[in-house]
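Beneath this line is the structure, given in structure tokens, with notes to follow.
Read the figures in this text as sums done on the coordinates, not as results from a lab. As the structure is a prediction and not an experimental result, all values here were calculated from the model. Reconstructed Cβ throughout: ideal geometry from the backbone, glycine too, with neighbour counts over all protein chains shown.
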Amino acid sequence: MSIDIYVCLTVERRPWKGWLDMRVTKAQAEQNRAHIVATAARLFRERGYDGVGVAELMAAAGFTHGGFYKHFRSKADLMAEASASGLSHIAARTEGLHPAEFVESYVSREHRDGRGDGCTIAALSGDAARQSADVRTEFAAGIENLLTALQAPSDMPGDVDQRVDRTTLIDMLAHSVGAVMLSRACPDGSPLADEILDVCRKEILASLAHGSEDQPAALSPEA
């Protein structure tokens, strides 16, 4: 008697396995790039654009020097991207704050001493003025975005006082940035460094309060 035995083999098919692997690799590469940019933004704020080299920057991010050119064409490209990232971050943190709240936080010892985690404008404006047009373009866009974030919504239809409000905000921002930069230029622990912050913060807040008093009151519905 003969017995026929049929063996059935089930093969697990994985169509698009290569495509899925490619997606994971691409996602990881994007995460690595974002981590390098964030690390660069912090180090540039702490030391300036010329104060840290590519090799040291990559080591701080946990990568080899050679891996840099898989993500960026040059250090100048990274400088522009890191600037954009830092400027975007400060605008996002500022959105929703009243200008007076911004000044209290910005013109402070905590901000002055926390350079790496602070504002890119105060940390790198002096350096940016000597950099490529790409970096300066990112600064112009970042400053504009910060002014937009600080712009209080108007109750008046048509916002007839928009130009005056913008002028006040530009003046406030310039004084705030300048106060932090001057304070940082003094030796650590210098009485003058603290005095600069105290005097400027008081004067900027007084100017904002005076400007608010000069604004015309909104018309009531019965008017």
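Peptide packing for 31-42, 77-88 was compared via the average number of neighbouring C-beta atoms within 10 Å per residue; ordered from the highest value, the list is 77-88, 31-42. In order along the range 28-41, the Karplus-derived 3J(HN,Hα) couplings, from 6.51 cos²θ - 1.76 cosθ + 1.60 at θ = phi - 60°, round to 5, 4, 5, 5, 4, 5, 4, 5, 5, 4, 5, 5, 5, 4 Hz, and Gly and Pro are given as x.
Taking 0.36 nm per residue of sequence separation and removing the Cα-Cα distance, the Ala141/Val199 pair yields an extension gain of 17.9 nm. Scoring 100-109, 190-199 by mean Cβ neighbours within 10 Å over their residues and listing the highest first yields 100-109, 190-199.
Label positions at Ser132 and Ala27, each projected 7 Å from the Cα along the C-beta direction, are separated by 3.2 nm. Placing a pseudo-label 7 Å from each Cα along the Cα-to-Cβ vector at Arg47 and Arg73 gives an inter-label distance of 2.6 nm.
The HN-Hα couplings worked out from phi for the range 58-68 by the Karplus form 6.51 cos²θ - 1.76 cosθ + 1.60 (θ = phi - 60°) are 5, 5, 5, 7, x, 10, 7, 4, x, x, 4 Hz, whole numbers, x standing for Gly and Pro. If the chain linking Ala59 and Ala206 were pulled fully straight, counting 0.36 nm for each residue of separation and taking away their Cα-Cα distance, it would gain 48.3 nm. The distance between label points at Arg93 and Arg109 comes to 1.9 nm (points 7 Å beyond Cα on the Cα→Cβ vector).
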